[in-house]
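Read the figures in this text as sums done on the coordinates, not as results from a lab. All values reported here derive from a predicted model rather than from experimental measurement. Backbone-built Cβ (ideal geometry, glycine too); neighbour counts: all protein chains shown.
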Amino acid sequence: MEFAGLIVSNASRKKQDRLHDIADARIEIGDAVTRPFESASCFPLFSLRWLVAGAIVMLAAGLISGVGLIRYFRSLLLLRQ
């Protein structure tokens, strides 16, 4: 039983679901501490292909907007002269 499960089971109103003794709780806690951590299965949220594609799209958007801003401000400077 994991530690959170231990807390939930002892908060139960049903007497048969609760631990009967503090020694039982110590045993459960000791088992939970010595057992290796069981994590959820880890899988990448994004594949490398999608990350590279996103980086290319962001780079292209930056270049297009940069070129557009340069042309805009260059035309403003030419109009002032």
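Some values worked out for this structure:
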read-out: In nm, spacing of pseudo-spin labels at R49 and D21 (7 Å Cα→C-beta vector); value: 5.9 nm
read-out: Distance between modelled label sites at L78 and A32, nm, 7 Å Cα→Cβ extension; value: 7.2 nm
